[in-house]
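The values are calculated or read from the model by the stated rules, or taken from the named source; none is laboratory data. As the structure is a prediction and not an experimental result, all values here were calculated from the model. Cβ placement follows ideal geometry from the backbone for every residue including glycine, while neighbour counts extend to all protein chains displayed.
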Ligand code: SIN
Ligand code: FE2
């Protein structure tokens with residue numbers, strides 16, 4: 001398995017430090033992207049993508065599912081992690097080994113050794129889907145980083161500060177990119193601009209994002 005991720009020496013894969021605790025691993029997941037997309041399809045057959053509702057009653061524009069011991073969930077009762085998928089009443093699908101290895105290796109490459117994610121949120125974006133600025137703060141312990149994998153059409157990611165009103169920088173995330181933030185950056189606000197219509201010939205017109213966390 002380690003060989004799959006030994007690509008850090010390849011030209012297409014390089015770590016870019018974007019600030020304290022933030023690293024963009026360009027193309028880190030590209031080589032295994034087909035395997036990842038097949039696994040995502042399997043997961044979605046057991047626990048389908050759905051549009052969650054925020055505690056305030058708004059339907060999210062992104063559609064989501066999860067895998068791993070814990071799945072992130074939102075409804076009128078709040079944001080939280082749950083062990084079963086409320087729509088199937090069954091446990092979330094197991095986290096495929098290839099997911100766990102990818103997240104663990106990416107975290108190490110970004111300086112966060114021994115990352116052991118127990119939750120993987122899978123977000124699906126189509127044209128116009130966006131994600132408003134937010135912090136990832138439903139996890140029990142903020143010492144572990146967030147590992148975020150981008151697949152499919154490019155998106156513009158927004159990185160803010162620790163306050164919602166802080167200035168936001170924009171960066172493009174393309175197919176295979178892995179963004180890791182943790183330590184001093186763990187609670188930075190972030191979001192995704194509305195997905196544009198651009199489609200990548202062999203990746204359809206969607207964007208899939210995998211967000212790995214240590215939640216429980
Ligand atoms: C998220 O913050 O949950 C998603 C980020 C992304 O889609 O890149
Ligand atoms: Fe997030």
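For residues in the range 116-136 being assigned to a loop (DSSP other than H, G, I, E, B) and touching a strand residue (DSSP E or B) at 6+ places or on another chain (Cβ under 7 Å), which is farthest from ligand 2 (Cβ to nearest atom)?
118
Regarding the range 102-124, can at least one residue be identified that is within 15 Å of ligand 1 (Cβ to nearest atom) and surrounded by fewer than 17 Cβ atoms within 10 Å (Cβ to Cβ)?
no
Identify the single condition in (1) within 16 Å of ligand 2 (Cβ to nearest atom); (2) closer than 16 Å to residue 20 by Cα; (3) in contact (Cβ under 8 Å) with a residue 40 or more places away in the chain that residue 110 does not satisfy, given that it satisfies every other one.
It is condition (1) that residue 110 fails.
Taking the stated definitions as given, is residue 213 within 11 Å of ligand 2 (Cβ to nearest atom), crowded, with 19+ Cβ neighbours inside 10 Å and at pLDDT 95 or above?
yes
So residue 197 passes all but one of these: (1) more than 16 Å from ligand 2 (Cβ to nearest atom); (2) under 23 Å from residue 98 (Cβ atoms). Which condition number does it fail?
(2)
Restricting to the range 169-189, name every residue that is part of a loop (DSSP other than H, G, I, E, B) and away from ligand 2 (no atom under 14 Å from the Cβ).
Passing the criteria: 174, 175, 176, 177.
Scanning for something over 22 Å from residue 31 (Cβ atoms) and either away from ligand 1 (no atom under 14 Å from the Cβ) or within 14 Å of the chain's Cα centre (by Cα) (or both), does the range 171-181 turn up at least one residue?
yes
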